[in-house]
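Have a look at the structure below, then the notes.
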């Protein structure tokens with residue numbers, strides 16, 4: 001930018017005057033004329049920023065006007081710096097760092113160049129976590145990297161229960177890049193162990209005291225070896241007959257983890273009353289689980305699932321009832337609501353295929369389908385391909401925001417997103433606004 005002084009005229013002076021107004025100073029009319037009132041405003045701005053109050057707008061003053069935000073700072077590029085490394089160092093999102101330096105080419109940084117480091121995002125009143133499935137771990141890494149300052153913890157799908165009580169590693173388990181990203185931003189890593197919806201597998205481990213203790217010891221060994229913040233148990237579709245032994249297992253595991261100062265997180269099926277309408281939900285004893293864990297995550301999605309008829313994935317009225325029951329059985333400060341970020345595409349009379357927000361929008365555009373927005377049920381549309389009628393339901397920032405309102409209504413701990421890389425990018429604005 002040109003160095004400006006009193007007497008200068010033109011569009012750069014007009015930009016200067018508008019920037020001064022944005023910062024709360026009065027340069028007079030925005031007329032592109034650098035007069036005495038503009039000079040006075042510049043001097044005041046310089047004085048307040050600790051700059052030489054000479055009234056000249058040059059190499060020191062322009063960066064402060066353009067980049068430095070309240071609570072932020074200026075930074076001089078050093079050898080080896082990249083925007084990604086700086087975002088990690090200063091604990092800001094890459095997205096916000098780029099936005100604060102809109103005129104800077106991140107691929108052509110020069111040593112000695114001055115950029116602005118925005119202030120870290122305001123502290124949230126609720127926790128934001130996410131599950132990271134191994135099959136989209138690469139895409140999820142990018143999503144996490146762009147919004148890292150929002151997340152308190154992540155739970156990557158890294159381990160599977162085995163009949164012997166061992167932990168079998170999924171593809172991508174213990175990924176060093178993901179661990180480094182989390183460490184750089186102070187995000188707790190709490191990997192998940194899955195029984196892959198296998199009720200008999202879980203039953204055989206839980207009901208054999210020797211194998212159950214072996215399983216607990218294997219968990220302790222892995223958590224210690226990798227220095228995880230804790231472990232998440234995601235044992236779904238349990239037998240109703242295993243309702244009590246599952247709580248015994250959690251009680252034993254929590255006691256063992258507490259000795260290492262590690263957390264126990266448990267994922268449970270959503271329901272609106274104790275039985276829940278099907279065996280898997282009934283097998284999750286909300287009261288017993290709540291008493292023997294540090295954090296409970298309720299899967300608040302798949303109200304309509306891929307194997308059933310099309311419809312809303314997480315209708316707000318259902319989530320309201322789910323949370324009403326949950327807080328009656330589990331302390332609010334131990335609860336996170338699992339919120340969906342994905343969608344389903346149901347071909348007529350067939351099983352649905354999962355879709356991301358971007359895929360749903362692309363499909364609607366491709367077939368010129370009109371999307372019906374609905375804050376309570378989520379957006380949806382129909383289209384015809386190869387003579388087959390499809391119905392698509394998914395989640396956008398508007399319907400996601402409605403679920404955040406319910407989290408606030410019941411004053412629970414926070415949310416866990418299923419799953420990173422499927423989401424409407426605008427959900428992060430909703431999270432900042434609501435939390």
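None of the figures in this text is laboratory data; all of them are computed from the coordinates on show. Just so you know, these numbers come straight off a predicted model, no measurement behind them. A quick note on method: Cβ atoms are made from the backbone with ideal geometry, for glycine too, and the neighbour counts reach across all protein chains shown.
For the chain, what percent of Cα pairs sit more than 35 Å apart? Please list the in-between numbers first.
On the way: 39621 of 94395 pairs.
Tail of the P(r) past 35 Å holds 42 percent of the pairs.
Which shape class, rounded, prolate or oblate, goes with the stretch 192-237 when its Cα gyration tensor gives a ≥ b ≥ c as root eigenvalues, a/c under 1.5 marks rounded, and past that a/b bigger than b/c marks prolate?
Values: a/c = 3.57, a/b = 1.44, b/c = 2.48.
In terms of gyration-tensor shape, oblate.
Return 431, 36, 268 ranked ascending by Cβ neighbour count within 10 Å, so the fewest neighbours appear first.
In increasing order of surrounding Cβ atoms, one gets 36, 431, 268.
Quick one: check the C-alpha center-to-center distance for the stretch 1-39 versus the stretch 302-373, whole angstrom.
Between the Cα centre of the stretch 1-39 and that of the stretch 302-373, the gap is 51 Å.
Based on Cα positions only, what radius of gyration and what Dmax would you give for the stretch 274-346, in angstroms?
Spelled out, the Cα radius of gyration and Dmax of the stretch 274-346 are 13.1, 39 Å.
Classify the stretch 11-117: rounded, prolate or oblate, from the alpha-carbon gyration tensor (a ≥ b ≥ c, eigenvalue square roots; a/c under 1.5 rounded; otherwise prolate if a/b is larger than b/c)?
Numbers: a/c = 2.25, a/b = 2.16, b/c = 1.04.
Here the stretch 11-117 falls in the prolate category.
Have a look at the DSSP beta bridges in the chain and tell me what percent are antiparallel, nearest 5.
Values: 23 of 57 bridges.
Percentage antiparallel, nearest 5: 40.
At 7 Å along the Cα-to-beta-carbon direction for both residue 113 and residue 287, put a label point, then send me their distance in nm to one decimal.
My value for the distance between the label points is 6.3 nm.
Given a cut-off of under 8 Å on Cα pairs at least six residues apart, what relative contact order in percent is computed for the stretch 11-117? Write out the running numbers ahead of the final one.
Working: 125 pairs, mean separation 23.5, N = 107.
The normalised contact order for the stretch 11-117 reaches 22 percent.
How far, in degrees from 0 to 90, does helix 137-146 lean away from the longest principal axis of the Cα atoms of the chain, to the nearest 10?
Result, in degrees: 40.
Semi-axes, largest first, in whole Å: what does sqrt of 5 times each Cα gyration tensor eigenvalue give for the stretch 138-197?
Details: eigenvalues 119, 22, 19 Å².
Working through the eigenvalues yields semi-axes of 24, 11, 10 Å.
Given contacts defined as C-alpha pairs under 8 Å and at least six residues apart, what's the relative contact order of the stretch 156-246, whole-number percent? Could the numbers behind the result be given before it?
Working: 135 pairs, mean separation 32.2, N = 91.
Worked out over the stretch 156-246, it gives 35 percent.
Per DSSP H run of n ≥ 4, the term is -39500 (n - 2.57); total these for the chain, divide by its residue number, and report the mean residue ellipticity at 222 nm rounded to 500 deg cm²/dmol. Write down the numbers at each step before the final one.
Details: 16 runs with 164 residues, N = 435.
Result for the chain: -11000 deg cm²/dmol, rounded to the nearest 500.
Among rounded, prolate and oblate, which fits the stretch 285-435 when a ≥ b ≥ c are the square roots of the eigenvalues of its C-alpha gyration tensor, a/c under 1.5 means rounded, and a/b larger than b/c means prolate?
Values: a/c = 2.61, a/b = 1.85, b/c = 1.41.
Note, shape of the stretch 285-435 comes out prolate.
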